[in-house]
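Novice: Below is one structure. I have some questions about it.
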Amino acid sequence: MDVDDLSASSGGLASFLSTTDWAAMCSLGSRCLMAADYPLFRQGDEGEHAYVILSGAVKVVRGEAAGKSAILTIRGAGDVVGDLAVIDGGRRSGTVSTLTPMVVRVVPGASFRRFIERPSVTAAYARYTVNRLRQSDVQRTEIAVLPVRQRLRRVS
């Protein structure tokens, strides 16, 4: 799938950016191939890079001190992960691991921050971030109030 196809079909950041801006983002950093079941980063790590997903999928998992963990979300082609810690300088809020073989762009934090400061990107990135927050709200509510069978039916 090429950059134009991805930006048109993805629900990720690619769908919020212009084709030109998405292509520019896909040229940042270094292109890396990753195998399935590979940890991109772990909860608590410093946020030095953002990862632009060109193909494949990752899971985002958050663990708690009691030893339990939960999958927060799945992200795929057209999405970005690791961006929040890069922006605010905080630690990673979850562990992100590949679910499938993947192609990503590993973007240094300074390059990512400069990119999203572009006037044509800032508003699109804000809408993407708000969209992820809304998705998280729905997922948390479903986990809290829906029976397991009903949650499983919504996923399949």
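Novice: Can you pull out the residues in segment 73-106 that are under 16 Å from Asp45 (Cα atoms), of a type in the set (A, V, I, L, M, F, W, C) and either in a strand (DSSP E or B) or touching a residue at least 60 places away in the same chain (Cβ under 8 Å) (or both)?
Specialist: Val81, Val96, Val106, listed by residue number.
Novice: Let me ask something else about it. Assuming Leu54 fulfils every condition listed in (1) farther than 18 Å from Leu133 by Cβ; (2) open to solvent by less than 40 Å² (accessible area, probe 1.4 Å); (3) not hydroxyl-bearing (Ser, Thr, Tyr) apart from one, which condition is it?
Specialist: Against the list (1) farther than 18 Å from Leu133 by Cβ; (2) open to solvent by less than 40 Å² (accessible area, probe 1.4 Å); (3) not hydroxyl-bearing (Ser, Thr, Tyr), Leu54 comes up short only on (2).
Novice: Further question on the same structure: Looking only at segment 23-30, decide whether some residue is touching a residue at least 24 places away in the same chain (Cβ under 8 Å), among the polar types (S, T, N, Q), out of contact with any His (no Cβ under 6 Å at 6 or more places or on another chain) and within 17 Å of Gln135 (Cβ to Cβ).
Specialist: Scanning segment 23-30 turns up no residue that is touching a residue at least 24 places away in the same chain (Cβ under 8 Å), among the polar types (S, T, N, Q), out of contact with any His (no Cβ under 6 Å at 6 or more places or on another chain) and within 17 Å of Gln135 (Cβ to Cβ).
Novice: Take the conditions more than 16 Å from the chain's Cα centre (by Cα) and open to solvent by 60 Å² or more (accessible area, probe 1.4 Å) and apply them to Gly63. Does it pass?
Specialist: In short, no.
Novice: In segment 123-134, what residues are farther than 13 Å from Met25 by Cα and open to solvent by less than 70 Å² (accessible area, probe 1.4 Å)?
Specialist: Within segment 123-134, Ala123, Ala126, Tyr128, Thr129, Asn131, Arg132 meet the criteria.
Novice: Oh, and also: Which condition breaks for Ala36 when tested against (1) buried (at least 18 other Cβ atoms within 10 Å of the Cβ); (2) among the aliphatic types (A, V, I, L, M); (3) touching a Ser or Thr at 6+ places or on another chain (Cβ under 9 Å); (4) over 18 Å from Asn131 (Cβ atoms)?
Specialist: (1)
Novice: Considering (1) more than 24 Å from Leu72 (Cα to Cα); (2) open to solvent by 70 Å² or more (accessible area, probe 1.4 Å), say which one Ile116 fails and leave the rest.
Specialist: (2)
The values are calculated or read from the model by the stated rules, or taken from the named source; none is laboratory data. Everything numeric here is computed off the predicted structure, so don't read it as measured data. Every residue, glycine among them, receives a Cβ derived from its backbone with ideal geometry; neighbour counts consider all protein chains shown. Just so you know, the surface numbers come from the protein's heavy atoms only, side chains and all, with ligands and any DNA or RNA stripped out. Shrake-Rupley method; radii C 1.70, N 1.55, O 1.52, S 1.80 Å.
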